[in-house]
Every structure is written in structure tokens, then in C-alpha cells.
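Peer 1: Below you'll find the structure I mean.
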Amino acid sequence: MIISKSNVSLLLLAFFIPFVFWMFWVKIKNEKWDIENKENRIAPLTFTLIYLSILTLFWKNIFIIIFLANVLVVLIITKFWKISMHCYGLSGMAYLVYAFTGDVFLSILYLILTIITGYARIYLNKHTPLQVIAGTVLGFLVNCCLLNFI
């Protein structure tokens, strides 16, 4: 079974430590939660990349490897352009949930959340429509490619 207690525990560990770092980074830099300036996203993404690389050394887990690859892609893109990481993550999850579980309902739910989030990001002037579309498309396509190459 792909979704086991150990996988869930490892995923929580993979998300929790970077999240705590992100919180401290926001506090130290006196940033907003969404870190609007793309240059200020580099340090938290780099920390997350290093942390996940270390986790991968100890646990050869498909979910951690996928998460690591996604952070690397977002980090590379962020050096040149700001995309919606919210939409990237949600559309990527829509694909991964379907790929690993076949649960169409949950995948559609993630896609609906992607659309709502994308609209909110545009409405709040946090992103342009192109940044939201790019994040959505890349999140889906990168994860599709990852699963076909891993």
C-alpha cells in the first residue's frame, strides 16, 4: 500500500520542518506570509531543498523524492520569474492523488481548489493571470513527467 502510516509520518516531517523555517523566515525578514518579492523566496526554498535532500539520504521514499524535485523546479523558476506556488502545489497534488490512488473525486476537488486559489491570488493582486496559469500548468506537467521518469 502506497499510503502507509510510515509514509504519512515521513510526509509530515518533510512538510513540518520547512514550514517552521518558513515561519521564522517571515518573522525575521518582516515579510508577508506569501513572500511577494521573488528574491526573498530563494532562501526558504533553498533551505527546503537542502532539508529534503538530507531526508532523501536516509529515506528513499517516492513522495520525498517527488517533493524534492518539485522544490528544485520551483526554485529554478523563481530565480527568473514569480509563479503561483499555491497553484503549482495544488495542481500537482491533483495529478499525484489521481496517479497514486485513482480517486477522481479528490483530484477534481484539488482542481477546484486550484481554480479558487488562482482566482483569489489574482483578485488580491498577488499574481498576474499568467503567473497563476503558469503555476497551475507547471505543477500538473512536472508531476506527470516525474512519475513517468521515476
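The values are calculated or read from the model by the stated rules, or taken from the named source; none is laboratory data. Predicted model, so just to flag it, every value in this text is computed and none were measured. Counting neighbours? That spans all protein chains shown, and the Cβs are built from the backbone with ideal geometry, glycine included.
Here's the yes/no breakdown for (1) more than 21 Å from PHE67 (Cα to Cα); (2) surrounded by fewer than 17 Cβ atoms within 10 Å (Cβ to Cβ):
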{"residue": "CYS87", "(1), (2)": "no, no"}
{"residue": "PHE100", "(1), (2)": "no, yes"}
{"residue": "ASP103", "(1), (2)": "no, yes"}
{"residue": "THR114", "(1), (2)": "no, no"}
{"residue": "TYR123", "(1), (2)": "yes, yes"}
{"residue": "LEU130", "(1), (2)": "yes, yes"}
{"residue": "GLY135", "(1), (2)": "no, no"}
{"residue": "LEU138", "(1), (2)": "no, no"}
{"residue": "ASN143", "(1), (2)": "no, no"}
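Peer 1: Does the range 81-111 hold any residues that are out of contact with any Leu (no Cβ under 7 Å at 6 or more places or on another chain) and assigned to a loop (DSSP other than H, G, I, E, B), and which are they?
Peer 2: Hits for the range 81-111 are TRP81, LYS82, SER84, GLY102, ASP103.
Peer 1: Does ASN143 qualify as being assigned to a helix (DSSP H, G or I) and assigned by TED's automatic domain parsing to the domain that holds GLU39? Don't jump to the end; show me each part of the working.
Peer 2: Working: assigned to a helix (DSSP H, G or I): yes; assigned by TED's automatic domain parsing to the domain that holds GLU39: no.
When the stated conditions are applied, ASN143 does not pass them.
Peer 1: Oh, and also: Out of (1) crowded, with 16+ Cβ neighbours inside 10 Å; (2) in the same structural domain as MET23 (by TED's automatic domain parsing), what's the single condition that is false for TYR95?
Peer 2: Evaluating TYR95 over (1) crowded, with 16+ Cβ neighbours inside 10 Å; (2) in the same structural domain as MET23 (by TED's automatic domain parsing) leaves (2) as the failure.
Peer 1: Can you find a residue that is among the basic types (Lys, Arg) and either in contact with a strand residue (DSSP E or B) (Cβ under 9 Å, 6 or more places away or on another chain) or not in a helix (DSSP H, G or I) (or both) anywhere in the range 113-123?
Peer 2: Within the range 113-123, the subset among the basic types (Lys, Arg) is 121.
The next check asks that each one be either in contact with a strand residue (DSSP E or B) (Cβ under 9 Å, 6 or more places away or on another chain) or not in a helix (DSSP H, G or I) (or both); those that pass are none.
No, every residue in the range 113-123 fails to be among the basic types (Lys, Arg) and either in contact with a strand residue (DSSP E or B) (Cβ under 9 Å, 6 or more places away or on another chain) or not in a helix (DSSP H, G or I) (or both).
Peer 1: Select from the range 50-65 the residues that are under 30 Å from ILE112 (Cβ atoms) and either surrounded by 19 or more Cβ atoms within 10 Å (Cβ to Cβ) or of a type in the set (S, T, N, Q) (or both) and list them in ascending order. Spell out how you get there, then give the answer.
Peer 2: Taking the range 50-65 first, the residues under 30 Å from ILE112 (Cβ atoms) are 52, 61-65.
If the condition is that a residue be under 30 Å from ILE112 (Cβ atoms) and either surrounded by 19 or more Cβ atoms within 10 Å (Cβ to Cβ) or of a type in the set (S, T, N, Q) (or both), then LEU52, ASN61, ILE64 are the ones that fit.
Peer 1: Any residue at all in the range 64-80 that's assigned to a helix (DSSP H, G or I), assigned by TED's automatic domain parsing to the domain that holds ASN37, more than 16 Å from the chain's Cα centre (by Cα) and under 24 Å from THR46 (Cβ atoms)?
Peer 2: So far as the range 64-80 goes, no, none of its residues is assigned to a helix (DSSP H, G or I), assigned by TED's automatic domain parsing to the domain that holds ASN37, more than 16 Å from the chain's Cα centre (by Cα) and under 24 Å from THR46 (Cβ atoms).
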